[in-house]
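The structure appears below as structure tokens.
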Amino acid sequence: GQRNARMNAIPVADEDSDDLPLVRVRCYARRALHWRLDVAPLCAAYAAAFGAYALRPELEEVAVVGTPCLVLAHLLLFLATHWSVRVRCATQLYACPPARASLVCAEPASGAPRLCPLEREAAAPDAFFFTYHKRKYLLGAAGKGGGSPSWRK
């Protein structure tokens with residue numbers, strides 16, 4: 001399963017330049033909402049804080065101090081998932097082979113990684129592609145040892 005999810009790119013230089021744009025490509029699929037790491041643990045923590053506040057009067061002070069801290073942690077996690085692709089991949093997505101993936105995390109040699117939608121080739125249903133900086137990258141056929149992207153105009 002996860003063996004095919006982490007793929008090293010075969011960087012193919014553009015004909016017009018000597019740069020090698022991609023270092024690594026990872027395939028991801030979206031987690032179900034109840035399995036996301038930015039939802040499930042926080043729902044349990046909110047329920048525990050509410051239970052401490054409502055059911056245990058002796059824990060009211062802890063709940064009054066803990067709830068704002070929990071809200072602040074939730075806000076910081078929310079912002080981190082919008083600012084960082086790596087945090088978003090860790091909390092909202094899971095690594096999988098290209099056949100089950102819907103997104104690709106393309107990591108360039110320099111700069112920030114970017115999530116790109118993964119699409120199927122019309123001519124070959126077991127071949128997948130994504131577009132990164134106006135270049136189309138093809139992933140090899142699933143299950144045939146492929147998966148390293150190559151660039152094509």
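Mind running the shape call on the range 64-111? Use the C-alpha gyration tensor, a ≥ b ≥ c as the square roots of the eigenvalues: rounded below 1.5 for a/c, prolate if a/b tops b/c, oblate otherwise. Oblate shape, in that a/c is at least 1.5 and b/c is the bigger or equal ratio. Applying 1/(1 + (r/R0)^6) with R0 = 30 Å to the Cβ-Cβ distance of residue 110 and residue 131 gives a FRET efficiency near 0.95. When the residues 83, 35 are ordered by accessible surface, computed with a 1.4 Å probe over the protein chains alone, the sequence from largest down reads 83, 35. The HN-Hα couplings worked out from phi for the range 43-58 by the Karplus form 6.51 cos²θ - 1.76 cosθ + 1.60 (θ = phi - 60°) are 4, 5, 5, 5, 5, 5, 5, 5, x, 5, 6, 8, 9, 10, x, 6 Hz, whole numbers, x standing for Gly and Pro.
For the pair residue 99 and residue 35, label points projected 7 Å from Cα toward Cβ lie 1.7 nm apart.
The values are calculated or read from the model by the stated rules, or taken from the named source; none is laboratory data. Please read these numbers as outputs of a predicted model, since none were measured by experiment. Because the Cβ atoms are built from the backbone with ideal geometry, glycine has one as well, and the counts that use them run over all protein chains shown. The accessibility values were calculated without ligands, DNA or RNA, using every heavy atom of the protein model including side chains. Shrake-Rupley method; radii C 1.70, N 1.55, O 1.52, S 1.80 Å.
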